[in-house]
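Below is one structure; the comments refer to it alone.
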Amino acid sequence: MGMISQPLLVTALMLIVSNLFMTFAWYGHLKNFAHSPWYVAALISWGIALFEYLLQVPANRIGYTAMNLGQLKILQEVITLSVFVPFAVLYMGQPLKMDYLYAALCMMGAVYFIFRA
């Protein structure tokens, strides 16, 4: 498979889907349940988060076979930002800001430092 190992690829794909659920669980209620009591939003978010955990836990276990804990965490953060920005812009209608690019550049630095030999 070249430079990307199968555990890394499987982990990344599972974490991407997991992050979609997580992002909706954490922030989707701000749009969809803004006029509902907080506990309704919390219960619905909790239900969505269950699917996140069903993917995130095995993804981290698979990833830990090929990466150390720091690498796994930075991978998660890069994926989180990569999922959050389109969600914020496309789903929540937030403006696309240069701050997202600056955050991504900082993450690239984190990736470099945590994954270097």
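Data overview
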read-out	value
Some residue of the stretch 46-69 being at pLDDT 95 or above, under 16 Å from VAL17 (Cβ atoms), polar (S, T, N, Q) and out of contact with any Lys or Arg (no Cβ under 9 Å at 6 or more places or on another chain)	yes
Restricting the stretch 1-21 to residues that are outside any helix (DSSP H, G or I) and of a type outside the set (A, V, I, L, M), the residue that is modelled with the lowest pLDDT	GLY2
Scope the stretch 43-90; condition under 15 Å from the mean Cα position of the chain (by Cα), closer than 14 Å to ALA12 by Cα and of a type in the set (Gly, Ala, Ser); matching residues	ALA59, GLY63, SER82
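The values are calculated or read from the model by the stated rules, or taken from the named source; none is laboratory data. Note that this is a predicted model, so its numbers are computed, not measured. Because the Cβ atoms are built from the backbone with ideal geometry, glycine has one as well, and the counts that use them run over all protein chains shown.
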